[in-house]
Each structure stands twice: as C-alpha cells, then as structure tokens.
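Since the structure comes first, as structure tokens, the remarks are kept for the end.
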Amino acid sequence: MILTWFAAASVLVPPPNGRPQGAPERARTGEHGKIAWFSGSFDEALAEAKANQKLVFVDFWTESCGWCKRLDRETYSDDAVVSGMKDLVCLNLDAQSRAGKPVALRYQVRLYPTLIFLASDGSLEERIEGYLPPASFKKEVERIRAGKGTLGELRRQVEGDRTDPDKRYRLGRRLADLGDAAGRDAQVAEIRRLDPAGSSLAMHHLAFEELVAKISAGWQKSQSLDTASMEAFVGKETYPEVLFEARRSLGQMYKYLGDQDERAGDTAAARRHRADARNAMKAAWSSVPEDQVVEYGNTVAWYFYESREDLAPADKTFALEVAERFAPGAQDDVNALDTYACALFLNGKKEQALQQIARCIELDPKNGDWKDRRAQFLK
C-alpha cells in the first residue's frame, strides 16, 4: 500500500546460528525440498549459468528461520515448482555461514528468506523477500523468466530510452521497493530534469507521493489525517493510474478515521467516515489496474460486507459485482473465495455462497473457520 502511517512492520533478523567451527556450511541433500540444488560455490554457479545461458536462483536462509523451513517443506517440495526450476541454476546458501555471508552482504540481504534471481554476470534480475506458497512461487518464477516487470527488465528499458520519465519512474519505484533509496533518488532527480513542466505520468506519480509524505508527516505530528488535501488532489488529477492510488489511499484514510471514531464511542462519526471510505473505494475500483483486481477487489468487497448493516441495496449489488470480477482469478485463494461467498450471501444467493465455502473447505480442510462460515450461512 502507498500509505504506511496506519501500521508498521518489523522483522527481527535471527542471531548467528552458533554452528561449531569446522561444521559443514551447506545443507545436507534433501534438507531443502526436492529442487536439484547446485553443489558448487556461488562463483561456480555463475560460471555454470554463463556456460548454459541460464538464470541463477539463490535462496538465502538461516537455521533459525521458520519461514525458510516452510519454503523447504511446502514450496520446494511441490512437483510443479520443482519442474519449473529445472532450467535455472539453483543455489541455497546459509546467509550466516562462511560461504554465504559475503554473498548475502553483496546483495544486501537483511531478511529471511530472501530469494534472488541473477543474470550470469551476477547482476540482479529480481528479488523476493519472504515466504511464497507453491502456486504463487511458480507464478513469480514464470514472470521472472519471461522478464515481465523485473528489475533487470526495467533497467534495460531505461537504458534503451534514457529520455522516458515514465520508464525511469517504474525503475525508481521498484528500487524503492527493494530498499535502494539512493537508486530511487537518482531516478527521481533525472525525471525532474527531463520533465520540469511536470506533465508526464511520472511527475504526477511523484506529486502524489509528495502529498502522501506531507500527510504522513502531519499525522506523525498531530495524529490527524488531512483528507481535504487528498480530496483536492483527486479533484484535479487526470491520469487514471494516479487517480486509482489517490482514491485507494483516501479510502484507507476514511476507514482509519471510522475505526478511530468507533474506538472513541462516536458511532455517528464512524458511520459517516465509513460511508466516505466506501465511496472512495467505489471510485478507486472504477480505475483499478488489471493486475490488482484480485487483491484490491477482495479488500473492497470484504469491507462492504463488514459494513453490511449500513448498506443500501445498490451497495450490496456493487459488492457482489466486485467479487464476481475478481473470483475467476482467485480460485485457489481461500480468503478471496470466502469474500466472494459472503458477497453472494449478502445478496441472497445462499446456495452459491455455500458452494464457495465448500471450495474453501476443500482447499484448506484443517481450518475450522470455513465450517463456521458454512454454519453461519445455514442458520
């Protein structure tokens, strides 16, 4: 999300693993799922990739990392994942070992697991931090192999046309996502030089980011949110991509204010702010990018369902329309399917709602929440 003042996340990096001196630095065969891991050093992996024109995949892990073990147990043991990794040189490195530390330092690895994809010259193509389930991991690997939206591809696009501010913005945003503030700032400086009039999409994105930073600073200082400034920005913005981000952020702001009102016991104000949040979400949905339909649609439809006591019939219909749009792309996402079921139920489609809950039970049989949901619908 663009706005980050509502919550902060911290990740504790595990302490050194205390492995006795002289113990093996690499894992025993089979400890990291079924992937055919390369048995040589990092430099040897790069040489192997160069000789065979392959990408290098490096999994940085530590012995005390629970999510790393879950990757091994679930994702790296999935047959479809294993098959999809056969044409990559795959290397797993204990980031706290003698062999792993220099490589982890080179690529600024701070969180575990960190998964990086490299060209054979060692340049970074893409980076993923954290656990991914098998289906999501497989999808990401396919995207990276195709060069869609990767850091490497974004760099090549900028090199191919150094005067395009929008390409530079996409690269800068990706660098920011990876924690490379200096790299991002260099791209921003070049964007401003290329477009001093501020007419490009890139400059409109930057104007929005500056507003977010200003509102965030105000919230940090006074614990109040300047919704008026965001509303004014929305009223003047013309690019659909920026409008989506601004309206989505406005929805977040009003949602936060509504929750704050409820905690303070001001029910009337909470309802007003939540109605404002729903209106902002409706407006944002009208320009949602295709690649965010599932994620944002799930957010919107669920928020409307949570507000069901205050919904007009048209709002209930809207929630279902949103859910029906994202549902085809979320057939293995139990949370999204649950949202779809709730939207169906909200609109009186009980049998169809139960069918979606049956799918949730099939996908996640150990989770009792789905049986509770079914009981709720059957009352």
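The values are calculated or read from the model by the stated rules, or taken from the named source; none is laboratory data. Quantities reported herein were computed from a predicted structural model and do not represent experimental measurements. When we count neighbours, we look across all protein chains shown, and the Cβ atoms used for this are built from the backbone with ideal geometry, even at glycine.
Summary table
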{"quantity": "Criterion violated by Val103 - all others in (1) more than 24 Å from the chain's Cα centre (by Cα); (2) assigned to a loop (DSSP other than H, G, I, E, B); (3) touching a residue at least 60 places away in the same chain (Cβ under 8 Å) satisfied", "calculated": "(2)"}
{"quantity": "Residues of segment 229-240 satisfying the condition of being within 14 Å of Ser199 (Cα to Cα) and surrounded by 15 or more Cβ atoms within 10 Å (Cβ to Cβ)", "calculated": "Glu237, Tyr239"}
{"quantity": "Close pairs from segment 68-80: first within 13 Å of Leu132 (Cβ to Cβ), partner in a helix (DSSP H, G or I) and hydrophobic (A, V, I, L, M, F, W, C), Cβ under 7 Å, at least 6 apart", "calculated": "Thr75/Val81; Thr75/Phe137"}
{"quantity": "Residue among Ala323, Ala301, Ala353, Ala314 that alone is touching a residue at least 40 places away in the same chain (Cβ under 8 Å) and either of a type outside the set (Asp, Glu) or surrounded by 17 or more Cβ atoms within 10 Å (Cβ to Cβ) (or both)", "calculated": "Ala301"}
{"quantity": "Close pairs from segment 119-139: first assigned by TED's automatic domain parsing to the domain that holds Gly84, partner in a loop (DSSP other than H, G, I, E, B) and hydroxyl-bearing (Ser, Thr, Tyr), Cβ under 8 Å, at least 6 apart", "calculated": "Leu124/Tyr107; Glu125/Thr150; Glu126/Thr150; Arg127/Tyr107"}
{"quantity": "Sole residue being crowded, with 17+ Cβ neighbours inside 10 Å, acidic (Asp, Glu) and more than 30 Å from Tyr239 (Cα to Cα), chosen from Asp261, Asp266, Asp332", "calculated": "Asp261"}
{"quantity": "Checklist (1) surrounded by fewer than 17 Cβ atoms within 10 Å (Cβ to Cβ); (2) touching a helix residue (DSSP H, G or I) at 6+ places or on another chain (Cβ under 8 Å); (3) not hydroxyl-bearing (Ser, Thr, Tyr) applied to Arg174, failing item", "calculated": "(1)"}
{"quantity": "Unmet requirement for Lys221, which otherwise passes all of (1) more than 25 Å from the chain's Cα centre (by Cα); (2) modelled with pLDDT of 95 or more; (3) assigned to a helix (DSSP H, G or I)", "calculated": "(2)"}
{"quantity": "Close pairs from segment 359-379: first in the same structural domain as Val334 (by TED's automatic domain parsing), partner surrounded by 10 or more Cβ atoms within 10 Å (Cβ to Cβ) and aromatic (Phe, Trp, Tyr), Cβ under 8 Å, at least 6 apart", "calculated": "Cys360/Trp370; Ile361/Trp370; Asp364/Trp370; Phe377/Phe345"}
{"quantity": "Top-ranked residue in segment 290-338 [being small (Gly, Ala, Ser) and assigned to a helix (DSSP H, G or I); ranked as nearest to Asp364 (Cα to Cα)]", "calculated": "Ala336"}
{"quantity": "Scan of segment 61-71 for residues that are buried (at least 21 other Cβ atoms within 10 Å of the Cβ) and part of a helix (DSSP H, G or I), ordered by number", "calculated": "Cys68, Leu71"}
{"quantity": "Check on Lys138, buried (at least 20 other Cβ atoms within 10 Å of the Cβ) and part of a helix (DSSP H, G or I)", "calculated": "no"}
{"quantity": "Selected residue (only one of Asp226, Asp195 is surrounded by 12 or more Cβ atoms within 10 Å (Cβ to Cβ) and over 19 Å from Arg247 (Cα atoms))", "calculated": "Asp195"}
{"quantity": "Yes/no for Ala301 being modelled with pLDDT of 95 or more and either among the hydroxyl-bearing types (Ser, Thr, Tyr) or under 20 Å from Leu225 (Cβ atoms) (or both)", "calculated": "no"}
